[in-house]
Amino acid sequence: MAASVFMMVFIVTHFITSFAEKQDLSGQMFTFPVESDTAHVILAPKQSKSLTAVTVCLRFFSDLTRAQSLFSFATPANENAFLLFKGANNVYEVDQGGENVVLFWGLEDKRNVWNSVCVSWNSQTGIAQVWVNGKASTRKGLRRGGEISGMPSIILGQDQDNYGGKFDKGQSFVGMITDVHMWDSVISYPEIALYMNRIPMTTHGNVINWRSLDFTTKGYVIVEEQVN
């Protein structure tokens, strides 16, 4: 009896503290209402093969002027296997592998409006590029050769300082995030232009797909209708 009661308490507690299901989140968003070192969303990839190219697109809405994490992809071997981080003063940081970091300056960072962001990296050429609200950055060398391998931990709202955790609330995201997609390739510029202009794309992310999203919320994160 005691064991069954314990199991019931565990199940109820797990249900209250985390919420997981796969669904179409079109027209919805994740809201991160407060600065914290706990609130985050775990995204389960549709595939977990090694990656030699990446494109990530998302939209965010925030009033913060400080730096904050937008997309954190870690593996057991590397907490910064692929990181998109928005610094202060209109700078976006892309980190691949921890020792490979490039900064993209002069891109838009508008507060209290939706910002559309895409980032890509190709191992064959080493080239990385960022697009913000339709404006493309210069193309920069990030890391040439190699791949991202290992079971991924993909998190929104926090920057992983180790695999799946060790969050710093001073780097946490506060605001709303929507329309998150990830591909295992560098998608074409016409496809990125469609995303930037909120026009239906011909293909959705084959690693992370907002229209078929397997996710778990942790802490104070709300799933709600998107604010235009």
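When VAL117, VAL130, VAL91 are checked against the criterion of being among the β-branched types (Val, Ile, Thr) and over 21 Å from GLY205 (Cα atoms), VAL91 stands alone in meeting it. Residue count for region 86-109 satisfying the condition of being closer than 13 Å to VAL130 by Cα, open to solvent by less than 20 Å² (accessible area, probe 1.4 Å) and of a type outside the set (Val, Ile, Thr): 5.
Among the residues of region 122-133, those identified as outside any strand (DSSP E or B) and closer than 17 Å to LEU84 by Cα are SER123, GLY126, ASN133. Checked against (1) out of contact with any Asp or Glu (no Cβ under 7 Å at 6 or more places or on another chain); (2) of a type in the set (Asp, Glu); (3) open to solvent by 40 Å² or more (accessible area, probe 1.4 Å), ASP168 passes all but condition (1).
Conditions (1) of a type in the set (D, E, K, R); (2) farther than 30 Å from GLY27 by Cβ; (3) in a strand (DSSP E or B), marked per residue:
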{"position": "PHE71", "(1), (2), (3)": "no, no, yes"}
{"position": "GLU79", "(1), (2), (3)": "yes, yes, yes"}
{"position": "LYS110", "(1), (2), (3)": "yes, no, no"}
{"position": "VAL119", "(1), (2), (3)": "no, no, yes"}
{"position": "GLY145", "(1), (2), (3)": "no, yes, no"}
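Return yes or no: is ILE187 farther than 18 Å from SER69 by Cβ and aliphatic (A, V, I, L, M)? Criteria met by ILE187. Count of region 168-220 residues, restricted to those that are within 14 Å of the chain's Cα centre (by Cα) and among the hydroxyl-bearing types (Ser, Thr, Tyr), is 4. Note on region 147-165: residues that are closer than 12 Å to GLU79 by Cα and either without any contact (Cβ under 8 Å) to a residue 60 or more places away in the chain or in a strand (DSSP E or B) (or both) amount to 6. If you go through region 189-206 and keep only what is of a type outside the set (A, V, I, L, M, F, W, C), touching a residue at least 60 places away in the same chain (Cβ under 8 Å) and surrounded by 14 or more Cβ atoms within 10 Å (Cβ to Cβ), you end up with TYR195, GLY205, ASN206. Of everything in region 110-134 that is open to solvent by 20 Å² or more (accessible area, probe 1.4 Å) and free of Cβ contacts under 8 Å to residues at least 24 places away in the same chain, the residue that is nearest to ARG144 (Cα to Cα) is THR125. Consider region 195-213. How many of its residues are assigned to a loop (DSSP other than H, G, I, E, B), under 24 Å from SER48 (Cα atoms) and among the polar types (S, T, N, Q)? Of the residues in region 195-213, 4 are assigned to a loop (DSSP other than H, G, I, E, B), under 24 Å from SER48 (Cα atoms) and among the polar types (S, T, N, Q). You will find that of ASP214, ASP161, ASP179, ASP184, the residue that is farther than 29 Å from GLU35 by Cβ and either crowded, with 22+ Cβ neighbours inside 10 Å or among the acidic types (Asp, Glu) (or both) is ASP184 and no other.
If you go through region 27-57 and keep only what is among the hydrophobic types (A, V, I, L, M, F, W, C) and either in contact with a Cys (Cβ under 9 Å, 6 or more places away or on another chain) or part of a strand (DSSP E or B) (or both), you end up with MET29, PHE30, PHE32, VAL41, ILE42, LEU43, ALA44, LEU51, ALA53, VAL54, VAL56, CYS57. For region 135-151, filtering for residues that are modelled with pLDDT of 95 or more and either within 14 Å of the chain's Cα centre (by Cα) or open to solvent by 40 Å² or more (accessible area, probe 1.4 Å) (or both) leaves 6. Can you name every residue in region 29-75 that is charged (D, E, K, R) and either open to solvent by 30 Å² or more (accessible area, probe 1.4 Å) or more than 12 Å from the chain's Cα centre (by Cα) (or both)? Listed by number, the residues that qualify are GLU35, ASP37, LYS46, LYS49, ASP63, ARG66.
The values are calculated or read from the model by the stated rules, or taken from the named source; none is laboratory data. Nothing here was measured: the structure is a model prediction, and the numbers come from that model. When we count neighbours, we look across all protein chains shown, and the Cβ atoms used for this are built from the backbone with ideal geometry, even at glycine. Only protein heavy atoms, including side chains, enter the accessible area calculation; ligands, DNA and RNA are left aside. Shrake-Rupley method; radii C 1.70, N 1.55, O 1.52, S 1.80 Å.
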